Amino acid sequence: MHHFSWLKLVILFIILLAAVPITSGAAPPVSFRMTAEDKGCEIEVAVLAEDVTDLYAFDLLLAVDSDTLRLKKATSGMQGFTVAPLLEGDILRFAHTKIGDSSGSNGTVTLAVLLFERIGEEAPAIRLVQAQLVNSQLEMDSFTPDTKISLKPLAQWDDIVGHWAEAFIRLLRRLP
């Protein structure tokens with residue numbers, strides 16, 4: 001009977017020990033950040049993921065004000081295949097994958113570099129709504145980082161204010 005109590009105690013101890021998370025070797029959580037370089041009529045936005053482990057592919061959803069910005073170019077900092085960006089309303093989808101038997105990326109990775117043209121004078125904002133990261137074992141993690149950058153408005157065209165063609169000129173500015 002005495003051995004049975006010790007056995008229960010040892011089993012309970014093992015169960016409790018297994019339930020305690022081991023944090024010393026655990027990887028830090030993935031975080032996202034965006035940087036922007038304002039070049040006047042163009043804005044270059046970089047989307048970075050930090051503390052990634054074995055990143056093989058990703059799918060990003062960004063909220064972009066399509067009345068103030070037009071996407072000109074989109075690239076990834078990773079080797080592989082980039083899917084053509086898709087803009088539906090104000091949501092931009094950008095996806096990329098490595099190809100072949102390559103290993104995943106680790107650390108800080110530039111997921112996307114997006115070049116926008118300003119088509120409106122208002123202050124544009126870009127927000128990373130969702131990121132889905134896939135490792136080389138094809139396991140996916142979804143994140144809703146809600147990372148946002150806001151930029152200054154484009155300088156006003158004071159020389160056309162009150163001109164008979166002001167509305168027409170501003171409309172032409174928005175055309176491709």
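For the reader, a short list of remarks on this structure follows.
- All of (1) surrounded by fewer than 14 Cβ atoms within 10 Å (Cβ to Cβ); (2) free of Cβ contacts under 8 Å to residues at least 40 places away in the same chain hold for residue 72 with one exception: (2).
- Take the conditions (1) in contact (Cβ under 8 Å) with a residue 40 or more places away in the chain; (2) assigned to a strand (DSSP E or B); (3) out of contact with any Pro (no Cβ under 7 Å at 6 or more places or on another chain); (4) not polar (S, T, N, Q); residue 152 misses just one of them, which is (2).
- Among the residues here, residue 87 does not qualify as crowded, with 16+ Cβ neighbours inside 10 Å and out of contact with any helix residue (DSSP H, G or I) (no Cβ under 9 Å at 6 or more places or on another chain).
- Residue check, residue 64 touching a Gly at 6+ places or on another chain (Cβ under 9 Å), under 18 Å from residue 32 (Cβ atoms) and among the β-branched types (Val, Ile, Thr): no
- Residues that are among the polar types (S, T, N, Q) and either more than 24 Å from residue 29 (Cβ to Cβ) or surrounded by 18 or more Cβ atoms within 10 Å (Cβ to Cβ) (or both), drawn from region 90-109: 102, 105
- Residue 68 being out of contact with any Pro (no Cβ under 7 Å at 6 or more places or on another chain) and of a type in the set (Ser, Thr, Tyr): no
- Applying the condition of being at pLDDT 95 or above and surrounded by 20 or more Cβ atoms within 10 Å (Cβ to Cβ) to region 110-128 and asking which residue is farthest from residue 70 (Cα to Cα) yields 111.
The values are calculated or read from the model by the stated rules, or taken from the named source; none is laboratory data. The model shown is predicted, which means the values in this text are computed figures rather than measured ones. Counting neighbours? That spans all protein chains shown, and the Cβs are built from the backbone with ideal geometry, glycine included.
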